Amino acid sequence: MEREGRVKEYYIQCHKNTVQQLWQSLQDKKDTSLRENLNTLYNELLSKWQLEMGWCSQVFTSSLGMLVKVFGESMNALSSSLGQSLHGAVHKSQEPVTTLIELRHIVLKFLKNFSKSLQSVDLSVSGPILFPLVESIHLPYCQLLVQYGSFQQQALMKTLFNINMIDANFDETLRTVSSTVSNVMSSSHLSIENCLQLTQGWGIVSVIKAIEAYLVQFTKKLSLVLQDLQGRYRQAKSETGSETGRNGFQDDWSSLQWIFQFIQHCGDFLLRVSAFNSSVCSQVLSLSDTYTSPANSQIPFNVFDYLSIYHPEEHTAVIGLLGAIEKNGDGHVLLPATTNQIQVLVKQAHTLAFDVVFSQLKQKLIEIPKLKVWSRSTSSPLESPQALTDDLPSFSLSPLTYITEIGDHLLTLPEQLEPFTSQDNPSLAAAMKHGRLPFTEDDGENRDLSLSDMWLDAIARGTMETYVESILKIPRLTDAAALQLSTDIGYLCNVLAALDQPPIPALTALEKLLKSDKETFPRFKDDKHTESALYQSIARLRTWD
């Protein structure tokens, strides 16, 4: 036994020296690359294993254990030098991820062949026996694998650096946005594939963080496109010298077409992120056995849990991610910051689109308090009936021009919106779900409406609410003007009814208050359908307070 012990020690030392000399000789070669040297090294190690397996069984009582120990100590002796070579090659490379994948494939190929060689021998092989050897083979790569997420993020960010989606021709800008969204998501999927190849899934948390940072940065670039569009719209308005523009509403609809296409691309981005989320969740679930099996429970050749040894905090995060996905399925959101940023961008785009459509209506509505007709009276000793008719032909209960123009404008909206909202467009529909229009309730009730109905609802409510606000800004209302204003409100309600849009309670109450005379007005003070503030405001306008 003592003699066998000395033989073992001698054998181990000789083997270590031989392997180290082999590696040193490979490094000394000036005309070979690290990839070539690694291939040569691992091929020689595999040949040695197969050669020494036979005679080792004739010399030692526990031949497999002895051989595992010999090769394990030899690889441990090489780990520092191998690690330095790998570190230098990856960090000096212009494409660290690609280099790391290529180098990693070499050792994984060796481990695969090593596994086949071992399984061809009729021996009882268990994880605890082989684990030290397999760990020593993976060891030089482990620190690089821990850094993989950082390498992947750098590679992804590099692709964004030279991307400029803004062109003088905005149609070209939109085409670039469309193709870039596709490319960005393809890069994200490729990053997951790289992770599975390099880390066998253990780097999933770090690569998801890298992709999150990448997509958030891309979303910021998308926001620059929206800012450019906002600038184009403001410039077009300023060049015309008026809110309506030289070509009336036609200029606004050209801008709106661009905005809707941008919103559609954002919706496509959302759908792709959602599909990516589902795909990655499924991939994580498929690796459940890898994540939950003890490191030494099986023959740990290609699947090696380096995180539990070299980065236990991230190992805990991976197990936590698996648990969350097992609980929530693909409903677990992997990229919350990205999703939130896209939704914010979609809301901003919807606000701009609404401003484009609503701008002319708003301009007419905010001018209402400035009309002189509201303060004129037929009983004024300073004005003749003819003076009254300069702005108001007669209080004949016919709607005034300002409100008929607003009504005509509203009635054209279904036809104008139809080209943008009638198509079966999943991307646009997805964006609409996350882009709440102004003047609409965020209670989910409008989610089943068609795009056209959602827009009509928002514009109608915006018109009514702005109309009420403008009326309450009128300095003073004569009795005749109050009756005229109630007629105008009635006309607007009829227009809205033709569009299947019910009047808001404030507008209905306002019409009743304006129709009433001084004797009947107090009856509305305690009316449950009339807000106290609205009652007080009309009383002030009519000087009945």
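The values are calculated or read from the model by the stated rules, or taken from the named source; none is laboratory data. The structure displayed is predicted, hence computed values, not measured ones. A quick note on method: Cβ atoms are made from the backbone with ideal geometry, for glycine too, and the neighbour counts reach across all protein chains shown.
Would you mind stating whether residue 357 is touching a residue at least 12 places away in the same chain (Cβ under 8 Å), crowded, with 18+ Cβ neighbours inside 10 Å and within 30 Å of residue 204 (Cα to Cα)?
No, not satisfied.
Of the residues 52, 9, 2, which is crowded, with 18+ Cβ neighbours inside 10 Å, of a type in the set (Asp, Glu) and either modelled with pLDDT under 85 or outside the structural domain of residue 119 (by TED's automatic domain parsing) (or both)? Answer to the selection: 52. Is at least one residue of region 182-199 buried (at least 22 other Cβ atoms within 10 Å of the Cβ), assigned by TED's automatic domain parsing to the domain that holds residue 321, within 19 Å of residue 267 (Cα to Cα) and not polar (S, T, N, Q)? Yes: region 182-199 contains one or more residues that are buried (at least 22 other Cβ atoms within 10 Å of the Cβ), assigned by TED's automatic domain parsing to the domain that holds residue 321, within 19 Å of residue 267 (Cα to Cα) and not polar (S, T, N, Q). Inclusion of residue 186 among residues that are under 17 Å from the mean Cα position of the chain (by Cα), without any contact (Cβ under 8 Å) to a residue 24 or more places away in the chain and farther than 16 Å from residue 97 by Cβ is not warranted. Does region 309-330 include one or more residues that are at pLDDT below 95 and under 16 Å from the mean Cα position of the chain (by Cα)? Yes, because at least one residue in region 309-330 is at pLDDT below 95 and under 16 Å from the mean Cα position of the chain (by Cα). Residues satisfying the criterion are absent from region 238-257 (criterion: charged (D, E, K, R), modelled with pLDDT of 95 or more and surrounded by fewer than 18 Cβ atoms within 10 Å (Cβ to Cβ)).
Whether any residue in region 523-540 is within 30 Å of residue 267 (Cα to Cα), free of Cβ contacts under 8 Å to residues at least 60 places away in the same chain and either among the small types (Gly, Ala, Ser) or surrounded by fewer than 19 Cβ atoms within 10 Å (Cβ to Cβ) (or both) is what I want to check. No - not one qualifying residue is present in region 523-540.
Among the listed residues 156, 174, which satisfies the condition of being under 26 Å from the mean Cα position of the chain (by Cα) and more than 30 Å from residue 254 (Cβ to Cβ)? Testing whether each residue is under 26 Å from the mean Cα position of the chain (by Cα) and more than 30 Å from residue 254 (Cβ to Cβ) leaves just 156. Remark: pairs (first residue in region 14-36, in the same structural domain as residue 52 (by TED's automatic domain parsing); second residue in a loop (DSSP other than H, G, I, E, B); Cβ separation under 8 Å; 6+ apart in sequence or on different chains) = 26/32. Considering region 400-435, the residues that are touching a residue at least 12 places away in the same chain (Cβ under 8 Å) and outside any helix (DSSP H, G or I) include one that is surrounded by the fewest Cβ atoms within 10 Å (Cβ to Cβ), namely 422. Evaluate region 459-481: report whether one residue or more is touching a residue at least 40 places away in the same chain (Cβ under 8 Å), closer than 25 Å to residue 372 by Cβ, small (Gly, Ala, Ser) and touching a Phe, Trp or Tyr at 6+ places or on another chain (Cβ under 9 Å). Within region 459-481, one or more residues are touching a residue at least 40 places away in the same chain (Cβ under 8 Å), closer than 25 Å to residue 372 by Cβ, small (Gly, Ala, Ser) and touching a Phe, Trp or Tyr at 6+ places or on another chain (Cβ under 9 Å). When residue 174 is tested against the conditions (1) out of contact with any helix residue (DSSP H, G or I) (no Cβ under 9 Å at 6 or more places or on another chain); (2) modelled with pLDDT of 95 or more; (3) under 30 Å from residue 233 (Cβ atoms), the lone failure is (1). Return yes when residue 80 is of a type in the set (S, T, N, Q), exposed (fewer than 14 other Cβ atoms within 10 Å of the Cβ), in a helix (DSSP H, G or I) and out of contact with any Ser or Thr (no Cβ under 6 Å at 6 or more places or on another chain) and no when it is not. Criteria met by residue 80.
Candidates in region 86-118 are the residues that are part of a helix (DSSP H, G or I) and charged (D, E, K, R); of these, the one that is nearest to residue 306 (Cα to Cα) is 104.
Filtering 332, 315 for residues that are touching a Ser or Thr at 6+ places or on another chain (Cβ under 6 Å), on the phi < 0 side of the Ramachandran plot, in the same structural domain as residue 270 (by TED's automatic domain parsing) and surrounded by 14 or more Cβ atoms within 10 Å (Cβ to Cβ) leaves a single hit, 315.
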